[in-house]
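The values are calculated or read from the model by the stated rules, or taken from the named source; none is laboratory data. If you're wondering where the values come from, they're calculated on a predicted model, not measured in any experiment. When we count neighbours, we look across all protein chains shown, and the Cβ atoms used for this are built from the backbone with ideal geometry, even at glycine. All accessible areas refer to the heavy atoms of the entire protein, side chains included, with ligands and DNA or RNA removed. Shrake-Rupley method; radii C 1.70, N 1.55, O 1.52, S 1.80 Å.
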Amino acid sequence: MLLRIPGVLTGEQVAYCRDRLAKADWVDGRVTAGYGSAKVKKNTQLPEESPVAEELGDIILTALETNALFVSAALPSRVFPPLFNRYGPGDGFGAHVDNAIRQGLAPEMRIRTDLSCTLFLSAPDEYDGGELAIDDTYGTNHVKLNAGDMVLYPSTSLHAVTAVTRGTRIAAFFWLQSMIRDDAQRTLLFDLDRAIQQIGVDVPNHASVVPLTGVYHNLIRRWADI
Ligand code: NI
């Protein structure tokens, strides 16, 4: 499932992040790339151990904890601390698949990457190019969102960032391990959850809401690893 999650950060939070990032020290983005990806990657990043990355990452993760759409879609088990990248003119990232396992700085932070997240911190009119191009069975999806919006997509996807031709594209990116490893099962649960929520809004106290909610949780019981 490829999903846009609007307004993860408020305009105020985006402005704060941008201000902090403008004063931070950036390094070559190949530090977090695997052997294959390093050959097609050209951008800059905050170092993983950067205090600014840690501070802003916490702002993002705190916002996501209470984001109902994110929690329902991702069913997160463990979330990698967000990283930050910057693409200027001529920068881009060719087609690649993210590493299956990510080791963070803390020894216990080792996750299987089920879902990849990109949170846009630049407005679309600040740069040309710089689209996140994600392949799925329908073809290639070109994603370029408002500042503060996030896209969630399966880490199994082949994806790229098209070359920036004007301006600067700044984003946060990270991965998560879901309680539901399989994308198709997770998508079913998301669809079921959304349908139950909708019934609750359209027909409050409908007799089917409780048994359907039971089905939802019993499917999680069958499929979840936590
Ligand atoms: Ni990637």
**OP:** For segment 95-167, divide the Cα radius of gyration by the Kirkwood radius and give the resulting Rg/Rh value with two decimals.
**Re:** 1.02
**OP:** Determine the share of the chain's accessible area contributed by carbon and sulfur atoms, expressed in whole percent, with a 1.4 angstrom probe.
**Re:** 55 percent
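222 nm [θ] for the chain, helices only, -39500 (n - 2.57) per DSSP H run of 4+, per residue, to 500?
The helix contribution divided over the chain gives -10000 deg cm²/dmol.
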Original post:
Pairing the Cα long axis of helix 11-22 with the longest principal axis of the chain, what angle in degrees results, from 0 to 90 and rounded to the nearest 10?
Top reply: 30 degrees
**OP:** Could you size up the charge dipole of the chain around its Cα centre, putting +1 on the beta carbon of Lys and Arg and -1 on that of Asp and Glu, and report it in debye to the nearest 20?
**Re:** 400 debye
Original post:
Dividing the alpha-carbon Rg of the chain by 2.2 N^0.38 Å yields what?
Top reply: 1.05
**OP:** About the Cα centre of segment 40-139, how large is the charge dipole given +1 on each Lys and Arg Cβ and -1 on each Asp and Glu Cβ? Please answer in debye to the nearest 20.
**Re:** 360 debye
Subject >> Furthest towards positive pole of dipole, Gly214, Thr187, Pro204, structure part segment 154-226, Cβ charges >> reply: Thr187
Subject >> Residue-normalised accessible area of the chain, given per residue in Å² at a 1.4 Å probe >> reply: 50 Å²
Subject >> Rg(Cα)/(2.2 N^0.38 Å) for segment 24-131, N = residue count >> reply: 1.11
Subject >> Cβ-based charge dipole, segment 1-154, positive-most Cα from Ala133, Ala100, Gly29 >> reply: Ala100
Subject >> Within the chain, longest stretch clear of exposed GluC sites (Glu not before Pro) (DSSP loop, no more than 10 other Cβ within 10 Å) >> reply: 109-226
**OP:** Give the share of C-alpha pairs in each 5 angstrom bin for segment 145-226, from 0 to the last occupied bin, in whole percents, shortest bins first.
**Re:** 3, 11, 17, 15, 14, 13, 11, 8, 4, 3, 1, 0
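Please identify the trypsin sites (Lys or Arg not before Pro) of segment 5-46 that satisfy two criteria: DSSP loop assignment and at most 10 other Cβ atoms within 10 Å. Which are they?
Values: sites: Arg18, Arg20, Lys23, Arg30, Lys39, Lys41, Lys42; in loops: Lys23, Lys39.
Answer in residue order: Lys23.
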Original post:
What chymotrypsin sites (Phe, Trp or Tyr not before Pro) in segment 116-194 are in a loop by DSSP, with at most 14 other Cβ atoms within 10 Å of the Cβ?
Top reply: Tyr138
